[in-house]
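Peer 1: My structure is below; once you've seen it, I'll send some questions.
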Amino acid sequence: MPSGHDEGYHPKDAVRSAITGALVSGGAGLFASAIQNSLQKQNVGAWGVFTRTGGTIATFAAVGGVFEFSRHAAANLREKDDHYNSGIGGFLAGSILGLRTGRMPRILGYGAFAAVVLAAYDYTGGSLMGYKKDPEVDEYERKEKLRLNRRRPMEETIAELGEGRGLAIHPPGFEERRRQRLKEKYGVEINPVSADPAA
């Protein structure tokens, strides 16, 4: 096995992935075609989804199928599962979008744009929510560990911020120390008020 290849790589079924990708993206294309058909000025009927705007369905299905097939075929050929495979698949899928225009600069431009976007998406974790969390770690325990890791002792907070001053930080003995400071600074004796009528 050549150097740099993953030791535990398992080949993927590119044809099955291509069929699945074509069906899923073809379904999205059917939805887009239905929207296009409903926005037509002439009443073309329900079959207009296939007869008038059916090219959208075919394009979507081709893009999804080509992306999935080329991504898994590249992984099988390279024996490595990384973001470069998504870049290869993205270039070929984006080129399919450019084929509708029939101009080579657009074919290459759409392919390059899709390659960069999909490779970057895969490289950064493949999720809009960030990296996937480890499924073996319990979420409650993970959050508790984060809380304990960032929790600071009250004495340290008081030393940095001070006590009182509208911060609602009143550690034990605060009122006595406050009365003492007011007496030293202003010479005013403050007697605590009790809410107990019997006192």
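What follows is calculated from the coordinates using simple rules that are stated; it is not laboratory data. Please read all numbers here as calculations on a predicted model, not as lab measurements. Positions of Cβ are generated from backbone atoms using ideal geometry, with glycine treated the same way; all protein chains shown enter the neighbour counts.
Peer 1: Exposure proxy check: H72, H10 ranked by fewest other beta carbons within 10 Å?
Peer 2: Arranged by neighbour count, lowest to highest, H72, H10 become H10, H72.
Peer 1: With a 10 Å Cβ neighbour count serving as the proxy for reagent exposure, in which order, fewest first, do L161, L92 appear?
Peer 2: L161, L92
Peer 1: Here's another thing I want to ask about it. When the helices in the chain are scored as -39500 (n - 2.57) per DSSP H run of 4 or longer and the sum is shared across all residues, what 222 nm value do you end up with, to the nearest 500 deg cm²/dmol?
Peer 2: Using -39500 (n - 2.57) per qualifying helix, the result is -20500 deg cm²/dmol.
Peer 1: If you build a Gaussian network model of the chain, linking Cα atoms that sit under 10 Å apart, which residue out of V188, V24, V116 swings the most?
Peer 2: The residue that fluctuates most here is V188.
Peer 1: Roughly how big is the chain's charge dipole about its Cα centre, with Cβ charges of +1 (Lys, Arg) and -1 (Asp, Glu), in debye to the nearest 20?
Peer 2: Approximately 980 debye in magnitude.
Peer 1: Continuing with the same structure: Pop out the ³J(HN,Hα) list for region 76-89 in order, Karplus 6.51 cos²θ - 1.76 cosθ + 1.60 with θ = phi - 60°, rounded to Hz; leave Gly and Pro as x.
Peer 2: Residue by residue, region 76-89 yields 5, 5, 7, 6, 8, 10, 9, 6, 5, 5, 5, x, 5, x Hz.
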